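Visitor: Quick one: the structure is below, and I'll ask about it shortly.
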Amino acid sequence: MKKHKEKTTRKTRSRAGIFMALLGSAAALAVVVGIIAYSNTASAQQSDTQPQTSAGDTSADNDTAVQFANQKITIDAQTGKLRKPTVEEARALVETITGLTNRSAKGLRVERAANGMRKVDLQGRFQTVILAKPNPDGTNEVRCVTSLKEAAEFLGIDPSKIPVKNR
């Protein structure tokens with residue numbers, strides 16, 4: 001009697017799956033390259049210009065507020081280095097991240113157009129927030145977060161220490 005050989009079949013991805021994986025990889029690579037290119041360009045531009053300060057952007061101890069990449073960065077006047085945010089600044093940051101990453105659909109209305117299309121104004125919710133933190137070696141780490149908890153974990157902050165109004 002002959003023994004029947006079992007055929008071994010190799011499972012392969014479909015062409016569409018491979019194409020989508022390549023497309024996703026290319027998109028991710030393009031985003032990373034864009035961030036690096038922007039970071040290098042912005043760093044060069046920032047080093048070529050004087051710090052831009054405006055009235056009211058200095059605190060009582062003469063810290064300097066510099067505009068960089070549409071963000072206010074505060075530099076300690078004594079050390080010349082970045083300083084930690086004040087309680088008020090941290091509270092404002094927490095409120096901003098909380099509002100942007102809000103995943104609640106409460107109060108959102110679905111509007112229907114004449115052609116049957118439906119539209120929802122998300123009122124600034126359901127966003128991701130890009131955060132960066134300096135590493136000890138002088139590089140920066142960047143991450144997109146979708147909640148205040150993720151932001152706290154990334155920044156190494158104890159969530160119970162987050163300054164929130166009416167806690």
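The values are calculated or read from the model by the stated rules, or taken from the named source; none is laboratory data. These numbers come from a predicted model, not from an experiment. When we count neighbours, we look across all protein chains shown, and the Cβ atoms used for this are built from the backbone with ideal geometry, even at glycine.
Visitor: Which condition breaks for residue 66 when tested against (1) touching an Asp or Glu at 6+ places or on another chain (Cβ under 8 Å); (2) at pLDDT below 90; (3) β-branched (Val, Ile, Thr)?
Guide: Here residue 66 meets the rest and fails (1).
Visitor: Restricting to region 120-141, what's the tally of residues that are surrounded by fewer than 10 Cβ atoms within 10 Å (Cβ to Cβ) and of a type in the set (D, E, K, R)?
Guide: Number satisfying all stated conditions: 1.
Visitor: Checking residue 103 against (1) out of contact with any strand residue (DSSP E or B) (no Cβ under 7 Å at 6 or more places or on another chain); (2) within 22 Å of residue 73 (Cα to Cα), which test does it fail?
Guide: Of (1) out of contact with any strand residue (DSSP E or B) (no Cβ under 7 Å at 6 or more places or on another chain); (2) within 22 Å of residue 73 (Cα to Cα), only one is false for residue 103: (2).
Visitor: Within region 142-167, how many residues are loosely packed, with under 11 Cβ neighbours inside 10 Å and either aromatic (Phe, Trp, Tyr) or under 25 Å from residue 81 (Cβ atoms) (or both)? Spell out the reasoning first.
Guide: Start the filter on region 142-167 by keeping residues that are loosely packed, with under 11 Cβ neighbours inside 10 Å, which leaves 156, 158, 160-161, 165-167.
Within this subset, residues satisfying the condition of being either aromatic (Phe, Trp, Tyr) or under 25 Å from residue 81 (Cβ atoms) (or both) are 156, 158, 161.
Residues meeting the conditions: 3.
Visitor: Look through region 76-103, keep the residues that are modelled with pLDDT of 80 or more and aliphatic (A, V, I, L, M), and return whichever of them is surrounded by the fewest Cβ atoms within 10 Å (Cβ to Cβ).
Guide: 87
Visitor: Collect the residues in region 103-119 that are under 30 Å from residue 129 (Cβ atoms) and either free of Cβ contacts under 8 Å to residues at least 12 places away in the same chain or in contact with a Gly (Cβ under 8 Å, 6 or more places away or on another chain) (or both), keeping them in residue-number order.
Guide: Going residue by residue through region 103-119, those that are under 30 Å from residue 129 (Cβ atoms) are 103-111, 117-119.
Scanning region 103-119 gives 105, 106, 110, 111, 117, 118, 119.
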